Every structure is written in structure tokens, then in C-alpha cells.
Amino acid sequence: MSGDILTERGHLFLGSRLKRLAERMQADVAKVAEAAGLEIQPSQYSLLATLDRHGPHTIGELTQAMQLSQPTVTRAVSRLTEMGLLEMSRLHRDQRHKTISLTAAGEAAVARSKLMVWPQIEAAVQEMLGGLSGGFLEQVAAIEARLAEQPLNLRAQAAAEAGLKILDFTDDLAPAFCDINAEWISAMYRLEATDREVLDHPRARIIDPGGAILFVQAEGLGVVGACALQKTGEGRFELTKMGVLEAARGRKAGEFLLRAVIARAQAMGAQTLYLLSNKKSAAAVHLYEKLGFAHDEEIMAQFGARYERCDVAMRYVG
């Protein structure tokens with residue numbers, strides 16, 4: 001069996017080897033972006049970051065700022081424009097003098113990336129590079145070995161979940177349950193009577209009838225998220241009142257909490273686990289889908305009328 005010629009002839013094929021390493025890392029970053037609900041390719045992020053930090057640029061200015069070839073920049077701009085993330089000014093007919101800027105959708109995508117992608121990748125890379133020694137090629141080999149042992153996307157997930165801890169309900173945490181959920185519900189919708197009843201009386205409405213409430217605590221921030229399992233029948237639970245404080249977004253606290261709640265529901269003997277949501281909560285719906293929930297017309301017909309805002313009903317299918 002042939003060996004790895006790029007490694008064996010490291011000096012001769014250094015460029016090819018670094019390109020291979022870059023492709024491996026970008027493939028892992030793409031998985032992190034996809035998990036965050038973003039269709040942006042890793043190779044496009046530097047262009048978006050340049051426009052976000054320095055404002056509108058011409059193609060020529062982007063080429064100079066990013067130290068990339070003009071065809072490479074032009075292709076990236078065209079693709080991001082097709083995606084609705086960039087727009088060109090119409091002040092000049094000459095393509096070279098048209099300025100490129102972020103659209104509202106582009107600004108939103110960058111903001112989401114700053115919360116849910118960039119910090120995790122930076123932390124993962126810093127951890128991966130820690131303790132490297134030796135010459136340059138030895139360090140490249142060590143990075144390749146570390147990526148083979150644990151891909152960058154898994155390192156990013158571990159970095160995001162570092163310092164997170166699950167807490168069970170206590171009466172002392174009842175105010176946090178109310179405040180966390182009131183924050184996101186009020187920001188996106190309006191508090192309905194059924195919301196207020198549960199938030200004001202979590203022990204009576206959730207705990208005592210056989211349900212559960214879990215919290216996620218982040219190191220340095222305290223309790224940042226909460227989620228309830230409300231028993232609605234024998235072996236049947238509604239996953240409800242799940243929220244994470246804005247200050248903790250991007251630390252995977254929501255996913256960490258949701259996995260714990262699903263595991264708790266299974267431990268409690270849940271035969272049917274469902275939730276009710278709204279299409280406006282697109283990030284949350286994406287997370288539910290990622291962790292095994294599927295849209296379900298029967299759940300909608302049976303329980304959807306509970307909330308005026310409900311237009312999404314899902315059942316856990318694993």
C-alpha cells in the first residue's frame with residue numbers, strides 16, 4: 001500500500017499539504033455552520049467579516065484587503081449576492097467601481113455566525129494548537145493527527161459545552177424559570193394566559209402533576225436556560241417553556257439543555273413526547289429537528305389550539 005506522498009515529501013509538496021489541511025478544517029467548519037442553520041461556506045466568511053468590520057468595498061478593495069485573486073473574490077461576491085447576503089451599488093456601470101455591502105439578511109447571518117459559529121471555532125482551534133512544538137512540518141503533522149483524533153466540529157461542540165451544567169428544579173429557581181421564558185416570549189410574541197399560569201406556578205402546574213423542569217447553568221453566567229416537561233396524559237409529555245438567555249447564545253446551552261430534557265423524558269417513561277412552537281422561532285425549530293423531532297399533523301390537531309401563536313407541532317421520533 002502506498003504511503004502519503006504529501007507527508008513523505010513534505011518540503012516539495014508543502015502547498016498541496018496545506019491545501020489538504022485547509023480543506024479538512026473548512027469541511028468541519030461547514031458542519032458547525034450547518035448546525036447553526038447557516039448555508040454559508042467557510043471560504044466565504046472572510047469576505048463577510050471584512051464587509052462587517054470595514055463597511056462597503058469595491059471588488060478591487062476586497063481583493064487587496066483579503067490578499068486573494070480578483071476572480072476568487074468575484075465568484076464569492078456573486079454567490080453571496082445570489083444568496084441575498086450581499087448587494088451591489090448601482091452608482092457605476094463599471095463593475096470595478098461598484099461597492100459591495102451586506103444586506104439586512106447578510107447582517108443577520110453575520111450576527112448569527114458571531115454568536116453560534118465563530119467563537120466555537122476560535123476556541124476549538126486555540127485548544128487544538130495548544131502545546132505544539134518542533135519545526136513547522138512537525139507542527140503540521142501534529143495538527144493533522146489531532147484532527148484525525150477529533151475533528152474540528154466536535155472540538156467546537158466541546159468548547160461550546162464546556163462549563164455547562166444541568167440543574168433540577170427547586171423553588172429557589174422558580175423566578176429564573178419565569179424570567180428566562182418571559183424574556184423570549186415577550187420579545188417574539190405576547191404572553192398568553194396559559195403561559196402566565198405555568199410561569200407563575202411551576203410547581204403546581206409542572207412538578208406536582210408528575211412533570212419536570214431542568215435548567216442549564218453556564219460557568220461565569222449562572223442559570224441561563226430552562227425547559228419543562230409537562231405531563232399531559234399517561235406516558236405523554238409536552239416539552240414546553242424552553243428558553244435560553246440572550247447573554248448565553250452561542251455557547252450551545254440550548255442544545256445541551258434539550259439533550260438533557262429528552263433523556264429525562266425517556267427516563268420518566270415518556271411514550272409520546274411532543275412540543276408546540278411557531279415558525280418565527282426558526283432557530284429553535286431547526287434545533288428540534290436536529291435532535292429528533294418531526295412535524296406532526298396529529299399533534300397539531302390534538303394540541304395546537306393551546307396557544308394562539310402555535311403553527312408548528314412536533315413529535316419526538318428519535
Legend entry - Residue that is nearest to A76 (Cα to Cα) [pool: residues in segment 1-29 that are of a type in the set (G, A, S) and modelled with pLDDT under 95]: G10
Inset, instruction - Considering only segment 294-318, state which residues are touching a residue at least 24 places away in the same chain (Cβ under 8 Å), in contact with a Phe, Trp or Tyr (Cβ under 9 Å, 6 or more places away or on another chain), not in a loop (DSSP other than H, G, I, E, B) and not basic (K, R). - result: I299, F303, V312, A313, M314, Y316
Legend entry - Unmet requirement for S78, which otherwise passes all of (1) open to solvent by 40 Å² or more (accessible area, probe 1.4 Å); (2) not in a helix (DSSP H, G or I): (2)
Inset, instruction - Find the residue count for segment 196-205, including only residues that are in contact with a strand residue (DSSP E or B) (Cβ under 8 Å, 6 or more places away or on another chain) and open to solvent by less than 80 Å² (accessible area, probe 1.4 Å). - result: 3
Inset, instruction - Return only the number of the condition from (1) touching a Phe, Trp or Tyr at 6+ places or on another chain (Cβ under 9 Å); (2) more than 30 Å from A124 (Cα to Cα); (3) of a type in the set (A, V, I, L, M); (4) open to solvent by 10 Å² or more (accessible area, probe 1.4 Å) that L291 does not satisfy. - result: (2)
Legend entry - Residue identified as assigned to a helix (DSSP H, G or I) and open to solvent by less than 50 Å² (accessible area, probe 1.4 Å) among L18, L115, L48, L38: L48
Inset, instruction - Could you pull out the residue among L273, L245 that is in contact with a Phe, Trp or Tyr (Cβ under 9 Å, 6 or more places away or on another chain), open to solvent by 30 Å² or more (accessible area, probe 1.4 Å), on the phi < 0 side of the Ramachandran plot and among the hydrophobic types (A, V, I, L, M, F, W, C)? - result: L245
Legend entry - Selection count where residues are farther than 25 Å from R155 by Cβ and exposed (fewer than 15 other Cβ atoms within 10 Å of the Cβ), scope segment 206-235: 7
Inset, instruction - Quick one: in segment 155-171, of everything that is part of a loop (DSSP other than H, G, I, E, B) and modelled with pLDDT under 80, which residue is most open to solvent (accessible area, probe 1.4 Å)? - result: A162
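The values are calculated or read from the model by the stated rules, or taken from the named source; none is laboratory data. None of the values given here were measured: they were computed from a predicted structure. Note that each Cβ is placed from the backbone with ideal geometry, even for glycine, and that neighbours are counted across all protein chains shown. To get the accessible areas, we keep the full protein, side chains included, count just its heavy atoms, and leave off ligands, DNA and RNA. Shrake-Rupley method; radii C 1.70, N 1.55, O 1.52, S 1.80 Å.
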